[in-house]
Structures are given as C-alpha cells and as structure tokens.
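Novice: Mind looking over this structure? Questions follow.
Derivation of every value follows stated rules applied to the coordinates shown; laboratory data play no part. Everything numeric in this text was worked out from a predicted model, so none of it was measured. Cβ atoms come from the backbone with ideal geometry, glycine included; neighbour counts cover every protein chain shown.
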Amino acid sequence: MSGASTEGKPITCVAAVAYEAGKPLTVEEIIVEPPKAHEVRIRVEYTAVCHTDAYTLSGVDPEGAFPSILGHEGAGVVESVGEGVTNVKPGDHVIALYTAECQKCKFCLSGKTNLCGAVRATQGKGVMPDGTSRFKNKKGETLFHFMGCSTFSQYTVVADVSVVAVDPSAPLESICLLGCGVTTGYGAAVKTADVQEGDTVAVFGGGTVGLSVIQGAKLRKASKIILVDINDEKKKYAKEFGATDFINGRTDLKEGQTIVEKLIEMTDGGLDYTFDCTGNTKVMRDALEACHKGWGTSIIIGVAAAGEEISTRPFQLVTGRVWKGSAFGGIKGRSEMGGLIEDYKKGKLKVDEFITHRKPFAEINEAFENLHSGECLRTVLDLQNSPCIC
Ligand code: NAD
Ligand code: AHE
Ligand code: ZN
C-alpha cells in the first residue's frame with residue numbers, strides 16, 4: 001500500500017484480477033506503475049459492479065482481454081499525476097470515465113456526440129495510450145487495463161482525458177455509480193431521447209440502467225412510463241423510480257398476445273420512446289416494433305454479445321420508426337458530470353437508492369453473483385477499508 005510519498009514510485013496494492021473468461025476473479029497483490037505523461041494515478045475508494053463487467057468476464061466481449069483488471073464504475077482520490085496533466089491534481093476527488101472527453105478531437109468538437117476519439121483505440125486493446133500497461137502481478141506478468149478505468153484495484157492509472165474532478169462534498173461511495181449505470185440511463189432519457197412532457201415511454205429491463213431511464217423520463221413529466229421486465233421483483237422498483245405501469249413480459253400477456261401487441265394496445269398505437277436496457281437482441285426488436293408509426297424512437301443501451309445482430313422488417317423504419325443507440329447516456333463526462341452531481345445533491349437525481357448491497361472488496365466475486373438476483377441493483381465495494389486478504 002502507499003507510504004508517506006508514493007509519487008513517482010510503483011505501488012503494491014490489492015486488486016481483483018480476471019485471469020480467465022468465465023472464472024472468478026483472483027484477489028491478490030499487484031504492482032501499479034507511476035503515471036506517465038498525461039496520465040493520472042487514482043486511489044480507488046469505491047467501485048460498483050455493472051452488468052458489463054460480468055459480460056466481459058463471461059468471455060463474450062470481442063474486446064475482452066485476459067488477464068485484466070475489470071471495473072469501470074469507480075470513484076477515488078488522485079494520488080499523483082504525470083507530466084502535462086492540468087485537469088486534475090493530487091488530492092482531487094475524481095470519477096473515472098470510460099467515455100473519455102479530450103475536448104480537441106473531431107468527435108468532441110462535432111457537437112454531435114459524446115464519443116471521443118483520443119484514447120478509444122488503445123482503450124479497446126486494454127492498454128494505455130502509449131500501448132503499454134501500468135499493471136503487473138507479483139510474478140511480473142502484465143495485466144491488461146479495461147475500458148480505460150480498471151477500478152477493481154486499490155490503485156489504477158487512467159489517461160487524463162478519462163477522469164473528472166468532482167465536488168469533494170459528494171460521497172464517493174454514492175457517486176461512483178455516476179461512472180456508469182445511473183448516468184447512462186438518465187442521460188439516455190434526457191439527452192439522447194430528450195423526452196418531453198406528455199411523451200409515452202417503455203423501458204425494457206429494470207436494472208440500474210433501466211430504472212435510471214425511468215427517473216429521467218419522470219423528471220421530464222412523461223405521461224406514461226411502462227417498465228417491462230421478466231422478474232416480478234422489479235415491480236417495486238418500477239414504482240419507486242417513477243414508472244406508471246409494470247408488465248411482466250412473460251406472464252402478464254393474454255393467451256397468444258405478444259409484448260408488442262400489449263404495449264400498442266396500452267398506448268393507442270405505440271410509444272413515443274422505447275429503451276432496451278437488457279442487451280437481448282430479441283428484446284431490441286420488440287422495443288423498436290412497439291414504437292408509434294411515424295415518429296416512435298427506440299434507443300438501444302444494452303450490450304449484446306459478439307456475433308449477435310439486430311433485425312426487423314425494413315418496413316418498420318420506412319414507416320417512420322427510428323432506431324438509435326446511446327453510450328454513457330450521451331453525457332460528456334468532463335463537461336457534464338458536475339451538473340449531475342449538483343442534481344444529486346439537490347435531490348433531483350436518485351443515486352443512493354441504487355445501492356442495494358455493500359461489501360468489502362475481498363468479496364467481489366459475491367458481488368458478481370448478486371447481479372443475478374432480481375433484488376440487486378448495485379453492489380458497492382469498499383476498496384480502502386477492506387480487511388487485507390494477502
Ligand atoms: P441488470 O442486469 O442490472 O438489468 C437488466 C434487467 O433486464 C434485469 O432486471 C433483467 O431481469 C431484465 N431482463 C433480462 N431479460 C429480459 C427480457 N427478455 N425482457 C425484459 N427484461 C429483461 O443490468 P444493468 O446494469 O442495468 O445494464 C443493462 C444493460 O445495459 C446491460 O446490457 C449492460 O451491459 C448495458 N449497459 C450499457 C451502457 C451503455 O453505455 N450503452 C452502460 C451501462 C450498461
Ligand atoms: N467492448 C464491447 C462494447 C461494449 C459497449 O458497447 N460498451 C458501452 C458501454 S457499457 C458500460 O457498461 C459503450 O459505451 N460503448 C461505446 C464504446 O465506445 O465502447 C464490444 O462489443 O466490443
Ligand atoms: Zn457499466
């Protein structure tokens with residue numbers, strides 16, 4: 001762990017290493033090199049486990065590299081910075097950003113997208129922008145980075161464009177969730193879709209992402225917000241986060257009725273906006289086809305496995321339905337995170353309500369198991385106050 005001054009030196013700390021697809025993580029000591037130019041070393045205080053971490057660990061992510069340090073929903077404190085870093089300094093409270101924002105590239109300057117081109121190519125290969133890793137295990141084997149964040153380690157190194165300093169009065173334990181799930185769903189509703197008062201909305205999948213879409217749609221005063229899930233445990237969350245209706249897509253249908261027919265019947269011809277928050281390509285099709293003819297827009301948020309493809313009759317699009325996607329809710333992390341944190345502090349944006357489980361870091365594999373229970377929205381892991389397992 002860190003000594004009096006760790007700046008410029010390697011740090012030995014505890015991390016959860018994904019050695020092999022489909023296998024539990026190994027919690028062990030690793031070595032984290034100091035940050036190079038335009039890099040930031042962060043003491044990660046809290047991280048949550050997102051469905052996407054489980055997706056990559058399962059082996060179906062074409063960008064999944066092993067051995068690696070997963071995790072992308074984390075918050076902590078800057079330990080040290082490399083040469084040329086100006087946006088954060090040691091001691092700053094920060095959130096790691098898997099969607100970087102360099103504010104200089106073609107994407108950042110386009111005004112059309114929150115995607116950034118600065119580090120995405122190397123990020124997808126599990127390395128820092130110079131093509132190397134800052135992580136190795138005690139045998140000296142290189143460990144890959146993940147999504148430019150790798151928050152399943154007590155210390156991580158990220159590119160300076162992949163980190164944002166935040167209001168230090170906001171609890172890191174809560175705002176780590178703004179690193180992915182809450183921001184993604186909320187942003188998809190208020191930015192990507194830009195839901196307006198009176199619009200009708202259906203959300204497929206009531207995890208943290210889907211429930212955050214619901215809270216965004218409620219804030220925009222949507223007239224009908226329908227949560228479709230296949231787990232009845234999600235009914236209580238539907239109500240809590242602002243849905244007007246809950247449908248179990250397997251059991252709440254009449255004999256022979258499809259979910260698309262049910263939704264069209266409930267909304268006089270279909271929805272203004274639908275959101276896929278499941279990653280299931282059949283659900284994505286239903287979400288598109290449940291949209292209103294002429295203008296209904298369906299937004300794909302869920303992540304599907306390598307090789308999966310979406311399909312529908314082109315006629316669905318010819319007749320005015322629109323298929324879109326949303327990454328990190330369309331939110332630019334460095335420019336817009338401050339506003340989300342203000343909204344959270346004012347009580348406009350629910351964040352704490354998603355923390356259904358808390359665990360010491362050493363129990364990270366149980367946090368992955370929790371993901372399968374309907375009751376679990378997010379498990380937050382405490383990295384600094386965990387009993388050392390080494
Ligand atoms: P989660 O596992 O907590 O929630 C998924 C929900 O979908 C569960 O409630 C589950 O019961 C429900 N579901 C599963 N199959 C269904 C079906 N056939 N019909 C209806 N509901 C069904 O996951 P999460 O963390 O909320 O993430 C949701 C999805 O979004 C995942 O695919 C994740 O990888 C993806 N994601 C994408 C982004 C992005 O930026 N695009 C960001 C975060 C997460
Ligand atoms: N590596 C995957 C891509 C997975 C994916 O689509 N990721 C989402 C974020 S999921 C967060 O929980 C995303 O933002 N994608 C945009 C991007 O640039 O990665 C694959 O299928 O290759
Ligand atoms: Zn995520």
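Novice: Using alpha carbons only, how many degrees (0 to 90, rounded to 10) separate the axis of helix 208-219 from the longest principal axis of the chain?
Specialist: Relative to the chain, helix 208-219 is tipped by roughly 60 degrees.
Novice: Continuing with the same structure: How do VAL351, VAL14 line up, fewest other C-beta atoms within 10 Å first? Spell out each step's value before the answer.
Specialist: Working: VAL351 27, VAL14 21.
Listed from fewest to most nearby Cβ atoms, that is VAL14, VAL351.
Novice: Convex hull over the Cα atoms of the stretch 34-84, averaged projected area in nm²?
Specialist: Working: hull surface 17.6 nm².
For the stretch 34-84, averaging the hull's shadow over all directions gives 4.4 nm².
Novice: Right, next: Can you sort ASP232, ASP268, ASP276 from fewest to most other Cβ atoms within 10 Å of each residue's own Cβ? Kindly include the intermediate steps, with their values, before the conclusion.
Specialist: Numbers: ASP232 13, ASP268 8, ASP276 31.
The fewest-first ordering by Cβ neighbours comes to ASP268, ASP232, ASP276.
Novice: Let me ask something additional. Going by average Cβ neighbours within 10 Å, how do the peptides 287-297, 94-104 rank, with the highest at the top?
Specialist: On the way: 287-297: 21.2, 94-104: 23.6.
For the peptides 287-297, 94-104, the packing ranking is 94-104, 287-297.
Novice: If all Cα-Cα distances of the stretch 52-131 are sorted into 5 Å bins from 0 onward, what percent lands in each bin, rounded to whole numbers?
Specialist: 3, 13, 16, 22, 22, 16, 8, 1
Novice: Run through all the Cα pairs of the stretch 237-390 and give the fraction in each 5 Å bin from 0, expressed as whole percent.
Specialist: 2, 7, 11, 15, 17, 17, 13, 9, 5, 3, 1, 1, 0
Novice: At a threshold of 8 angstrom on Cα-Cα distance, excluding pairs fewer than six apart, so keeping six or more, what relative contact order does the chain reach in percent?
Specialist: On the way: 955 pairs, mean separation 66.9, N = 390.
Relative contact order, the chain: 17 percent.
Novice: Taking the stretch 278-345 as the region of interest, what is the percent of Cα-Cα pairs per 10 angstrom bin, listed from the shortest bin to the one with the maximum distance?
Specialist: 19, 38, 25, 17, 2
Novice: If you rank ASP53, ASP352 by fewest surrounding Cβ atoms within 10 Å, what's the result? Mind dumping the intermediate values first?
Specialist: Details: ASP53 28, ASP352 11.
Ascending Cβ contact count within 10 Å gives the list ASP352, ASP53.
Novice: Right, here's the next one. Which value does Rg/Rh take for the stretch 324-389 over its C-alpha atoms, Rh per Kirkwood?
Specialist: Details: Rg = 15.2 Å, Rh = 14.2 Å.
My calculation of the ratio gives 1.06.
Novice: Averaged over all directions, how much area does the convex hull of the C-alpha atoms of the stretch 185-326 cover when projected, in nm²? Mind dumping the intermediate values first?
Specialist: Numbers: hull surface 31.3 nm².
That works out to 7.8 nm².
Novice: Using only the Cα atoms of the chain, what are the Rg and Dmax in Å?
Specialist: 20.8, 68
Novice: When the Cα centres of the stretch 344-388 and the stretch 38-77 are compared, how far apart do they sit, in Å?
Specialist: The two parts, judged by their Cα centres, are 15 Å apart.
Novice: Pairs of alpha-carbon atoms within less than 8 angstrom and 6+ residues apart define the contacts here; what relative contact order does the stretch 185-326 have, in percent?
Specialist: Details: 302 pairs, mean separation 30.6, N = 142.
With pairs under 8 Å counted, the relative contact order is 22 percent.
Novice: Taking R0 as 51 Å, what's the FRET efficiency between VAL318 and ASP252 from their Cβ-Cβ distance, rounded to 0.05? Intermediate values should be presented prior to the final figure.
Specialist: Numbers: r = 31 Å, r/R0 = 0.60.
Computed FRET efficiency for VAL318 and ASP252: 0.95.
Novice: Right, another one. Hey, which lysines would be in cross-link range of LYS138, C-alpha to C-alpha under 22 Å, not counting anything within fewer than 8 residues on its own chain?
Specialist: Reachable lysines: LYS9, LYS23, LYS36.
Novice: Hey, could you pull the Cα Rg and Dmax for the stretch 1-149, both in Å?
Specialist: Computed over the Cα atoms of the stretch 1-149, radius of gyration and Dmax are 15.3, 46 Å.
Novice: Of the listed peptides 39-46, 209-216, what is their order by residue-averaged count of other C-beta atoms within 10 Å, with the highest listed first?
Specialist: Details: 39-46: 25.8, 209-216: 30.6.
Taking the mean over residues of other Cβ atoms within 10 Å, the ranking is 209-216, 39-46.
Novice: Still on this structure, I have one more. Could you size up the charge dipole of the stretch 193-319 around its Cα centre, putting +1 on the beta carbon of Lys and Arg and -1 on that of Asp and Glu, and report it in debye to the nearest 20? The partial results should precede the final answer.
Specialist: Working: 15 positive and 19 negative charges, 32 e Å.
Dipole size: approximately 160 debye.
Novice: What is the helix-to-structure angle for 333-345, meaning the angle in degrees between its Cα long axis and the longest Cα principal axis of the chain, kept from 0 to 90 and rounded to the nearest 10?
Specialist: 70 degrees
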